[in-house]
Amino acid sequence: MCGIVGTIGKTDTLPFLLEGLGRLEYRGYDSAGVAVLSGNEIQTRKAVGGVAQLVAEVEQNPLRGNPGISHTRWATHGGVTTENAHPHLDASGKLALVHNGVVENHKHLRDELIGRGHVFLSQTDTEVLAHLIGEAFDQNSDRNRSALLHAMQEALRHVRGTYAIAVIHADLGKFLAAARSGSPLVLGIGKEAQFIASDAAALDGWVQDIIYLKDQDIAALDGESFHLATVNGGTATAPKLRKIQVEARATGKGIFPHHMLKEIHEQPDTLREAMKGRLIPEESTARFTGLHRTNEQLRDLKRIILTGCGTTFHAALAGEYMIESLSRIPVECDYASEFRYRNAPLDPETAVFAMSQSGETADTLAALRESKRKGALTLGICNNVFSTISRESDGGIGLRAGVEIGVAATKTFTSELVILAMLGLILGRIRDLSQADAAEIIESLERLPDLVARTLERDALIADIAAKYAKTRNFLFMGRQANFPIALEGALKMKEITYIASSGHPSAELKHGIIALINEETPTIVLAPQDDVFEKNVSNIEEIKARRGPVIAIGTEGDNTLASLCDEAILLPAAPGFLSPFLNSIALQLLAYHTAVALGCNVDKPRNLAKSVTVE
Ligand code: G6P
């Protein structure tokens, strides 16, 4: 969370500081700020809101300077105010700092600093960092660049938590220092200028050569050369210069009013892309070269753990059904935030898949590192294949969904599902899955993009239903088998972008408590495709209707039962059972989207959320 950028070069820094920052808004958009060295003083501008508000502020109160740093915030400590927006200054007002991460012992450090006479202007943990580094710098009689690096080392040794920071100082002229521990940071090395950013996406078009900093690295930039050290004073490992490769960026919304709707409609293509060259019909299997594992090695696996957060965790849950039924390998799913502290027994015969669209989610990264420490095989499933999780895993699978800009994940969810289905296929084929059964699955997967395209044709019908129920205060979502995680995801999408209280449940749990919520004002969305549990879903619908609860059923074309029994029926194309979670999830994405539009919500930037959660 929070995005930081910085630059030092020959020309004015503002164009990059604002444009680069705009590309990081997916990391937070509560407030934004910029600081530059102008003459021999630090000047800052801040605004509550997104980067557009900061741009407006800079237009009203222009500033120029070099070097410069800027920040887009997702509030952790202290409310959304200009005082709490970064950059923060130290006690002297000469040092400016931006921060992504969380200083866990900030209260203790703040109290100590207050005891030494420091006065704080914000409630943030970040201001504590600025004061701590500034104090260490001011205590050194050498007021030079090395003294600032030493001050950072000295201060950061007392810090518990995570950080990516960038620092400039009024007395040091063309000098920008940065450090990371637990939060991502990338350097851009150009001829005319150097850059830092939370994500390489901010640097695209500004620089070719980049370096991903490692945890504990400190970087010193003077616009022409750079130097790396470590927080504990050791020598940094030799940096690896890479060419920037930001995935094709979806710059516009095309014909769509929102990124989210565009991304929902991209799913036939993103699914096709996820499967391209990976399905091998002649051998009735699939292949992921990035796993770097032979069939023999994969056959040795006795257990699979899928871990992730949010939407990605729901994909993992659906994957559990798919992988177990195809491969017969036991699969466990765990929220990464729980798994990292669960002390689960792990061994080399267990593969832990760290799943993350962004590849930067702090809990998922910690789960990956914990699994590695305990000797499990660690594999990443990420959309950003240059992310920290991708880089730190033993092997991995890319989603190939393209950049997802809408904060609510949509296309990356179905890409995760299809990757897990293919994974089940691979693992099944080296065990008991017959060629004939696998061939049928491949044929179905090949039809999936067209079935998704036909599902998207229900857009107008779903928009009408959404408008009708938009004033609802509570939604329930029900599904069975692999459609249970889809119900969870449908409820999450609804919560995220409409703020309507929504919860997902296994349909059979209705009678174990949830039925108490049923009344005329609480619509239930029941996922009831034509499958072997259809009759059981119909019984649940009867139970809800008997208590006068409105039901929106999502079923299969040709169904004659649902339309007469339910208040609304959305009938999707007939598809093999294991594909229904894909189609249902698309219908639920559309339902959440159109409800949010009907309510006038900010669909692409819902309140309080961020696309990538890099704090614990
Ligand atoms: C945040 C986002 C969610 C996302 C989750 C996991 O909570 O708001 O949309 O599902 O993080 O993100 P990841 O990038 O790890 O898949």
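Sum -39500 (n - 2.57) across every DSSP H segment of at least 4 residues in the chain, then divide by the residue count to get the 222 nm mean residue ellipticity, nearest 500.
-11000 deg cm²/dmol
Could you name the aspartates and glutamates whose alpha carbon sits less than 14 Å from that of LYS191, not counting residues in the same chain fewer than 8 places away?
The qualifying aspartates and glutamates are ASP209, ASP222, GLU224.
Among the trypsin sites (Lys or Arg not before Pro) in segment 454-512, which ones are in a DSSP loop with at most 15 other Cβ atoms within 10 Å of the Cβ? Mind listing them?
LYS471, ARG473
I need the per residue convex hull volume for the chain, using only the alpha carbons, in cubic angstrom as a whole number.
155
Placing unit charges on C-beta atoms (Lys and Arg positive, Asp and Glu negative, everything else neutral), compute the dipole magnitude of the chain about its Cα centre in debye, rounded to 20.
Details: 62 positive and 75 negative charges, 148 e Å.
Here the size comes out at about 720 debye.
Once the Cα atoms of helix 51-60 and of the chain are each reduced to a long axis, what angle between those two axes, in degrees from 0 to 90 to the nearest 10, is obtained?
Tilt relative to the chain: about 40 degrees.
Quick one: net charge of SER585's neighbours, Cβ under 11 Å, K/R +1, D/E -1?
Numbers: positive: LYS411, LYS493; negative: GLU416, GLU489.
So the environment of SER585 carries a net charge of 0.
Can you sort TRP206, TRP74 by how many other beta carbons sit within 10 Å, fewest first?
By the 10 Å Cβ count, ascending: TRP206, TRP74.
Rounded to the nearest 20 debye, what is the charge dipole size of segment 251-456 about its Cα centre when +1 sits on each Lys and Arg Cβ and -1 on each Asp and Glu Cβ?
The dipole of segment 251-456 has a size of about 360 debye.
On full extension of the chain, what length is gained from ALA460 through THR294, given 0.36 nm per residue of separation minus the C-alpha to C-alpha distance?
Numbers: separation 166, 0.36 × 166 = 59.76 nm, distance 4.68 nm.
55.1 nm is the gain from fully extending ALA460 to THR294.
Considering the dipole of the chain built from charges on the beta carbon (Lys and Arg +1, Asp and Glu -1) around the Cα centre, which of GLN267, LEU591, THR44 is farthest to its positive end?
Toward the positive end, the furthest listed residue is THR44.
I'm checking a number: the convex hull volume of the Cα atoms of segment 495-616, normalised per residue, in Å³. What is it?
Enclosed volume per residue, from the Cα hull, is 142 Å³.
Return one quarter of the surface area of the convex hull spanned by the alpha-carbon atoms of segment 387-479, equal to its mean projected area, in nm².
Details: hull surface 38.5 nm².
Directional mean of the projected Cα hull area for segment 387-479 stands at 9.6 nm².
Going by a ≥ b ≥ c, the root eigenvalues of the Cα gyration tensor, does segment 56-140 fall in the rounded group (a/c under 1.5), the prolate group (a/b larger than b/c) or the oblate group?
Taking the square roots of the gyration eigenvalues as a ≥ b ≥ c, segment 56-140 is oblate.
Residue by residue through segment 600-616, what is 3J(HN,Hα) from phi via Karplus (6.51 cos²θ - 1.76 cosθ + 1.60, θ = phi - 60°)? Round to whole Hz and write x for glycine and proline.
Once θ is set to phi - 60°, the couplings for segment 600-616 become x, 7, 7, 4, 7, 9, x, 4, 6, 9, 9, 6, 10, 9, 9, 10, 6 Hz.
Cut-off 15 Å, label point 7 angstrom out along Cα-to-Cβ of HIS77: give me the residues of segment 115-134 whose amide nitrogen falls inside.
In segment 115-134, the label zone of HIS77 (backbone N under 15 Å from the point 7 Å along Cα→Cβ) covers 115, 118-134.
Note the per residue figure in Å³ for the convex hull of the C-alpha positions in segment 168-289.
Expressed per residue, the convex hull around the Cα atoms of segment 168-289 is 186 Å³.
In a shell of Cβ-Cβ distance under 12 Å around MET355, excluding MET355 itself, what net charge do Lys and Arg (+1) and Asp and Glu (-1) give?
With Lys, Arg at +1 and Asp, Glu at -1, the neighbours total -4.
Rounded to the nearest 10 degrees, what's the angle between the helix 106-115 long axis and the longest principal axis of the chain, both from Cα atoms, 0 to 90?
Taking Cα atoms only, the helix is inclined about 20 degrees.
Quick one: check the C-alpha center-to-center distance for segment 344-418 versus segment 12-28, whole angstrom.
Each part reduced to its Cα centre gives a spacing of 26 Å.
Measuring from the lowest to the highest alpha carbon on each principal axis, how far does segment 251-456 reach, largest first, in angstroms?
If we take the Cα atoms of segment 251-456, the spans are 50, 42, 24 Å.
Would you please name the chymotrypsin sites (Phe, Trp or Tyr not before Pro) within segment 511-616 that are DSSP coil residues with at most 10 other C-beta atoms within 10 Å of their C-beta?
Details: sites: PHE534, PHE578, PHE582, TYR593; in loops: none.
Nothing satisfies the criteria.
Give, in whole angstrom and from largest to smallest, the semi-axes √(5λ) of the equivalent ellipsoid of segment 523-562, with λ running over the eigenvalues of the Cα gyration tensor.
17, 10, 8
Just going by the charge dipole of the chain, with Lys and Arg at +1 and Asp and Glu at -1 on Cβ, which of SER225, SER327, SER337 is farthest out on the positive end?
SER225
Work out the charge dipole of segment 251-456 with +1 on the Cβ of Lys and Arg and -1 on the Cβ of Asp and Glu about the Cα centre, then indicate which of PHE386, LEU451, ILE419 is farthest towards its positive end.
Comparing the listed Cα positions along the dipole, PHE386 ranks first.
Does segment 3-248 come out rounded, prolate or oblate by the C-alpha gyration tensor, with a ≥ b ≥ c the root eigenvalues, rounded set by a/c under 1.5 and, if not, prolate when a/b is larger than b/c and oblate if not? Write down the numbers at each step before the final one.
Working: a/c = 1.37, a/b = 1.11, b/c = 1.24.
Rounded shape, in that the Cα axes give a/c under 1.5.
Averaging sequence separations of C-alpha pairs under 8 Å and six or more residues apart, then dividing by the length of segment 457-604, give the relative contact order as a whole percent.
Details: 276 pairs, mean separation 44.7, N = 148.
In percent, rounded to a whole number, it is 30.
So what's the gap between the Cα centers of segment 552-616 and segment 297-319, to the nearest angstrom?
23
Count the net charge of all other residues whose Cβ sits under 12 Å from the Cβ of ASN232, scoring Lys and Arg as +1 and Asp and Glu as -1.
Around ASN232, the charge tally is -2.
Report, in debye and to the nearest 20, how large the dipole of segment 482-616 comes out about its Cα centre when Lys and Arg carry +1 and Asp and Glu carry -1 on their Cβ.
On the way: 10 positive and 16 negative charges, 90 e Å.
The calculated dipole for segment 482-616 is roughly 440 debye.
How high is the relative contact order of the chain? Use alpha-carbon pairs under 8 Å, at least six apart in sequence, and give a whole percent.
Relative contact order, the chain: 12 percent.
Relative contact order, percent, of segment 136-206 when contacts are C-alpha pairs under 8 Å separated by at least 6 residues?
Values: 77 pairs, mean separation 14.8, N = 71.
RCO, segment 136-206: 21 percent.
Helix 125-138: angle to the longest alpha-carbon principal axis of the chain, degrees 0 to 90, nearest 10?
In the chain, helix 125-138 runs at an angle near 20 degrees to the longest axis.
Please report, for the Cα atoms of segment 551-616, the Rg to one decimal and the Dmax as a whole number; what are they, in angstrom?
Considering segment 551-616 through its Cα atoms, Rg and Dmax are 16.0, 49 Å.
Throughout, read-outs are computed from the coordinates displayed, never taken from laboratory work. Only a predicted model underlies this, so the values are computations on that prediction, with no experimental measurement involved. Quick reminder, even Gly has a Cβ in these numbers, built from the backbone with ideal geometry, and neighbours come from all protein chains shown.
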